[in-house]
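Have a look at the structure below, then the notes.
The values are calculated or read from the model by the stated rules, or taken from the named source; none is laboratory data. Given the structure is predicted, the values throughout are model-derived calculations rather than measurements. So basically every Cβ, Gly included, is an ideal-geometry build from the backbone, and we count neighbours across all protein chains shown. Surface accessibility is based on the protein's heavy atoms, side chains included, excluding ligands, DNA and RNA. Shrake-Rupley method; radii C 1.70, N 1.55, O 1.52, S 1.80 Å.
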Amino acid sequence: MAKGFLHAFSNESAKSAEPEAVSVITSNDYARRIEILDDFEQAGISWLWATDANGHLVYLSEKAAENLNKPIGELLAISLTSLFENDPDNPDEKSDRPFKYHLGKRSKINDLVVRRIPETLGQNDRPTWWLISGHPKFDDSGNFQGYRGNAKDVSVEYQQKLEDLRLAEFDSLTGLANRHRMDSRLSGMLGAFKAANRSCAIMMLDLDRFKQVNDTMGHAAGDELLQQVAKRMREIIGDSGEIGRLGGDEFQVLLPDMDDRGKLGELAEKIVQLVSKPYPIDDKSATIGTSIGIAIAPYDGVEKDELVRSSDLALYAAKNSGRGQYRFYSANLKNEEDERRVLVEDLRDALANDQVELHYQPVVRTDDHMVVGFEALMRWVHPERGGVSPSVFVPIAEELNLINQLGEWALRRACRDATQWPNSVRIAVNVSAVQFANSGFPEIVMNALASSGLDPARLELELTESVFMGDSEAVDNTFKILKELGVRLALDDFGTGYSSLSYLRSAPFDKIKVDKSFVDSCTQTDKNSAKIIAAIVSLSDALGMETTVEGVEAFDQYEVVCSKGARYIQGWIYSKALRLEEIEEKLGSGEFRIEPDGPELYRPDRRTVFRRIGAIHEDHRYEVVMRDLSKSGARFEGIVGVPVGTDLVLDLGAGQLVICTVSRSNGSVLAVEFETPLVSDGAGGLCTRHRVSPYDLCVAGMPLAALPPGNYPMKQDASVPISKPQFMQVAVGGS
C-alpha cells in the first residue's frame, strides 16, 4: 500500500512540474502588440513621436501631450522644431548647430537634450527639457517618410546638472563667473581670436579699502558690499563682456573685440566712479574705491598667462599711482614691481635717515594777494632716484603700517615750522583715513601742539571723505575731541568721487577745498565746472565756511574762479610748494604778498616732454626728438626743410602710429596736427586709441626701410627702388 501511494505521489509531482504553454506575441498579432505599446506609453517610461517628411508631428504619445500641458489635437500637425530647440546652456552639447539642422540632415539622433521654446510656454507651464532620440524612415524607393523616435522628460535631472555646473563655474556669493570659468573663457576666446586676427581686452580690478570695511563693519557687511559691487558692474558692462570674481575683492572683465583705448578708458572711468559711490549697509554707509589694470590682445600678449600678467602689472601700477584710477599695460611696467620692492626697504631707511621733508604751498587771499596759510606737502628725495611722488610712497607707507609714524612726523614738523611764521598764517596738514581711524590720533595732535607751542587755531587738518567709512561713533568722537582742542578741519577734494552733503551736515568743518579737476575744465564752455565751483562757494558761505580753490595755473582760470566768488586760491599761478628756507627768506625781507603770475590760457592737454620718436615720410624714417605733446598735436625737432602741409606718420612706439600734417615749420622744429586725437593712458599721459602692427603696415605696402627696427617675416621685392629722402635729418641732443 505504501509503495502504491509513493508511486501515485511521484506521478502527481511529475505532472505539476511540467511548464504551462507560453502565449508568445508574434509580429502578426497586431492587437496584442498595440496593447504592449499602450502599456509602455501609459507607464511613462518613454514616449513615442513621429513626423512626416516635412517635419510635422503625425503621432505623439498622450502622456507626452500631458507633459506639455496641451491637448493632443493642438500638437499634431505642427512642426516639432516649433516646440523644441537646442539648449544654449547645455554643457554636453558641443555642436552649435540648431535642432532644426539635425532634423534636416535626416541622420540618426541619439540622446539629444532639447529645450521647450520659452515662447510656447503658457502661464502655468514650467520650463521643460526632453531627451530625444530618433531615426529617419525611408520607403522602398528611398523616399524620406519622416522621423520615428522616442523621448522622455529629463527636466529635473537636467536642471540639477545645470545647477551643479553653475556652482562649479560661478561664484556662490555674487553670481559672477569664478576663476575657473574666467580662465577657461579667456583661453577659448584667445584661441578662437588668433586665427581671425581679432582683439580682446581684459580688465583686472581690485577694490581699494575693502579690508577696512571687513575689519570695521564685519564680514557679513563685506559680503553684502561685494554683492552690491557685482550688481553695479553688471549695470555698466551689460552684454558687452563677461565679469568674474576671482576671489576676495579681485574682479576680472573680459571684453571681446575691444582695442579702442579711448572707449576702454571711458569704461574704466565709469567703473571707478560707480564703484566709488557709497554703499548702504545695515543703516550705515560704506565707501570704497577701485583700481583697474587693462591689457589688450594681441598687443600685450597672445596667451592667457601672458595677458593676465600684463593686466596684473597694469593694475599694480594703477594702485601704486594713488589708487582710484586705471592704467593701460606698457612694456616699461615690467620692472615696476621689482622697483617697488626696493622702494619699500628704502622708505624705512628714508624715515630713519631724515630723507623725507616738508615743502609748503601758499594759500593766498585774492582781495590783496596776501598769504594766509600754507599746506604742508611731503617730499621724498631719494639719494639715487631723486624725487619720489607722494602718490607712490604714501600707499606703500599705508601697507607697511608706517603711515601713522610718517603722519605723526609730518604733524610735529609742520607745527614746529609754523611757529616761525606770523600768527595770522595758518598751517594745513593732510591726514589719511588710516591715521584718522587710529584711536590715538587726537592725542598725537595734542602732543604736536604742546611740544611746538603752536596756537591750535592755526592748525588745519585736511581730511577726505574716506575718513567717514569707519565706525560712525568713533568718527564722531574723534571730531568732537579735535574741535575741543580748537583745531580747524577742512574737507579736501570736495566734489569728486563719492562726495555727500551729509558729511557737511554731520562733521564740524571750517573749510571746503574745491578739487583741481573742476578748475582744469572751468574755462570750457561745454562743461559745468564753473557752475559747480560757484555752487560750492555759495554752499560754503551759507554754512559759514571758507572755500579754497586748488590748482589754479593760468589767468583765464583765475578770472573764472574769482568771478564765481573764490576768496582763497592755492595754485601755481601764485606759487609752487616752497622749502622752509625760501619762506623764511621772503619773511625776512618783509614779503608775504605774492602777485599772480602764469600763462594767459590754460592748456590741460599739453605736456612738455623729451622723447625720441620716429617720423615717417614716404619710404624714409627719421629719428627726431619730441618736445611737446597734446591730444591734438605735437612739436618736435630733427628734420630740416619740411614745408607746411606735409603729411607724416609719427611712430610713438609700441605700435602707436599717428597720421599728422605739418602746421608750422621753423628750421628743424616742426609742429604737427593729428588726424585723430590721442586719449588718456590713465597715468597722466597720452596714447593712441588703436595700435597698428608693423607687420600689417608691411603687408599694406609700406617699405621696410621706413618701419621701426625688427624682424619682419615677409620680404618685399628688392627690385622696387627706394626714393631719395626729401628732408635732411639733424642731430638733436640735450634736454
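Below, the figures for the structure above:
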| read-out | value |
| --- | --- |
| Whole-Å semi-axes of region 419-489's equivalent ellipsoid (Cα gyration tensor) | 23, 12, 10 |
| Rough spin-label spacing in nm, given labels placed 7 Å along Cα→Cβ, for E673 and D283 | 6.3 |
| Built amide H within the under 5 Å cut-off of T523, gap 5+ | none |
| Partners for K277 among aspartates and glutamates (Cα-Cα distance below 12 Å; same-chain residues under 8 apart left out) | E465 |
| Nearest-20 debye value, the chain charge dipole, Cβ charges on Lys, Arg, Asp, Glu | 940 |
| Candidate aspartates and glutamates - alpha carbon under 17 Å from K304, same-chain residues fewer than 8 apart omitted | D183, E242, D257, D259, D312 |
| Table column - 3J(HN,Hα) (Hz), region 394-406, Karplus curve with 6.51, -1.76, 1.60, x for Gly and Pro | 5, x, 5, 4, 5, 5, 8, 6, 9, 5, 5, 5, 5 |
| Given charges at beta-carbon only (K, R positive; D, E negative), |dipole| of region 382-463 in Debye | 240 |
| Integer Hz, Karplus 6.51/-1.76/1.60 couplings in order for region 223-231, x for Gly and Pro | 5, 4, 5, 4, 5, 5, 4, 4, 5 |
| For I639, distant residues with modelled amide H under 5 Å away | V730 |
| Gain on full stretching of the segment that runs from L48 to S723 - 0.36 nm per residue minus C-alpha separation | 235.1 nm |
| Extended-chain gain in nm, criterion 0.36 nm per residue less alpha-carbon gap, E357 and I72 | 93.8 nm |
| Restraint check, K108/K194; K516/K586; K63/K161, Cα-Cα greater than 30 Å | K108/K194 |
| Value of relative contact order over the chain, rounded to a whole percent, pairs C-alpha under 8 Å and six or more apart | 7 |
| HN-Hα J in Hz across region 167-183 - Karplus 6.51, -1.76, 1.60, θ = phi - 60°, x for Gly and Pro | 5, 7, 10, 10, 6, 5, 7, 9, x, 7, 4, 8, 4, 4, 5, 5, 4 |
| Nonlocal amide H pairs with L578, under 5 Å, H built at 1.01 Å | Y360, Q361 |
| DSSP bridge pairs, the chain: antiparallel proportion in percent, nearest 5 | 80 |
| Helix axis angle, 472-485 relative to the chain longest principal axis, alpha carbon, degrees | 10 |
| DSSP-defined antiparallel bridges as percent of all bridges, region 238-349, nearest 5 | 75 |
| Where the Cα pairs of region 251-389 fall when distances are cut into 5 Å bins, in % | 2, 8, 12, 14, 12, 13, 13, 12, 8, 3, 1, 1, 0 |
| Overall form of the chain per C-alpha gyration tensor (a/c, 1.5; a/b vs b/c) | prolate |
| Potential lengthening between D215 and E163 on full extension [0.36 nm per residue; Cα-Cα distance subtracted] | 15.4 nm |
| Semi-axis lengths (Å, descending) of the ellipsoid that matches the C-alpha gyration tensor of region 24-64 | 22, 15, 6 |
| Residue-normalised accessible area of the chain, expressed per residue, 1.4 Å probe, Å² | 51 |
| Region 265-424, relative contact order [Cα under 8 Å, separation at least 6], % | 15 |
| On Cα atoms only, tilt of 304-320 relative to the major axis of the chain in degrees | 30 |
| Cα-based helix-to-principal-axis angle, 336-352 vs the chain, degrees rounded to 10 | 40 |
| Cα shape, region 350-497, gyration tensor, a/c 1.5 rule | rounded |
| All-pairs alpha carbon distance profile, region 568-637, 5 Å steps from 0, percent | 3, 12, 14, 15, 11, 10, 10, 9, 7, 4, 3, 2, 0 |
| Carbon/sulfur fraction of accessible area - the chain, other protein chains in place, 1.4 Å, % | 50 |
| Globularity ratio of region 335-436, using Cα Rg and 2.2 N^0.38 Å | 1.21 |
| Highest-first arrangement of 202-215, 629-642, where packing means the average Cβ count within 10 Å | 202-215, 629-642 |
| Percent of C-alpha pairs per 5 Å bin, region 392-437, short to long | 5, 20, 27, 18, 13, 10, 5, 1 |
| Sorted peptide list for 21-29, 437-445, criterion being average Cβ within 10 angstrom, highest first | 437-445, 21-29 |
